[in-house]
Amino acid sequence: MLNKREYFSPRPFACHQPGEIVTARVLNPLENSATKGKARPAILIRREGARWLLMGLTTRSHFANGKPRQSVPNPMACGLDKPAFLWGSTTWVCALDVGDHIGHVDDDLLALIALH
């Protein structure tokens with residue numbers, strides 16, 4: 001089990017920027033309503049006060065219903081170390097649940113996010 005402290009970034013939450021890929025403690029109630037959240041890579045989209053709109057990333061290539069997910073076109077260029085796929089939906093998280101910097105979206109990933 002992850003220690004809660006592992007979710008927090010040494011940088012103040014005001015330093016994060018849209019388009020940044022970070023670790024974030026994210027719930028996925030669409031596929032697991034009993035989830036308590038876990039640290040996962042996520043793309044920061046927009047900040048409103050003390051919360052961020054983001055899209056989570058996963059290594060699962062298909063949704064629970066079998067439908068394929070959109071893959072991140074150039075994961076290594078974005079700072080990811082393995083293939084990743086978009087959740088396909090956005091969610092809000094508290095800025096305190098946004099953790100360490102992983103990378104930034106590139107033009108190909110930005111175009112894919114814009115379609116959602």
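The values are calculated or read from the model by the stated rules, or taken from the named source; none is laboratory data. Just so it is clear, the structure is predicted and the values come from calculations on it, not from any experiment. All Cβ positions, even for glycine, are placed from backbone atoms using ideal geometry, and neighbour counts span all protein chains on display.
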Report task. Could you list all residues from the range 65-95 that are of a type in the set (A, V, I, L, M) and surrounded by 14 or more Cβ atoms within 10 Å (Cβ to Cβ)? Result -> 72, 77, 80, 84, 86, 93, 95
Query raised in the report: Of all residues in the range 48-64, which are assigned to a strand (DSSP E or B) and surrounded by 14 or more Cβ atoms within 10 Å (Cβ to Cβ)?
Result: 51, 52, 53, 54, 55, 56, 57, 58
Report task. Specify the residue that is modelled with the lowest pLDDT; the eligible residues are those in the range 13-44 that are of a type in the set (Val, Ile, Thr) and buried (at least 17 other Cβ atoms within 10 Å of the Cβ). Result -> 26
Query - Subset of the range 58-99 that is at pLDDT 90 or above and among the charged types (D, E, K, R) - its residue that is farthest from residue 16 (Cα to Cα) - result: 67
Requested in this report: Filter the range 100-116 down to residues that are at pLDDT 90 or above and part of a loop (DSSP other than H, G, I, E, B), then give me how many there are.
Outcome: 2
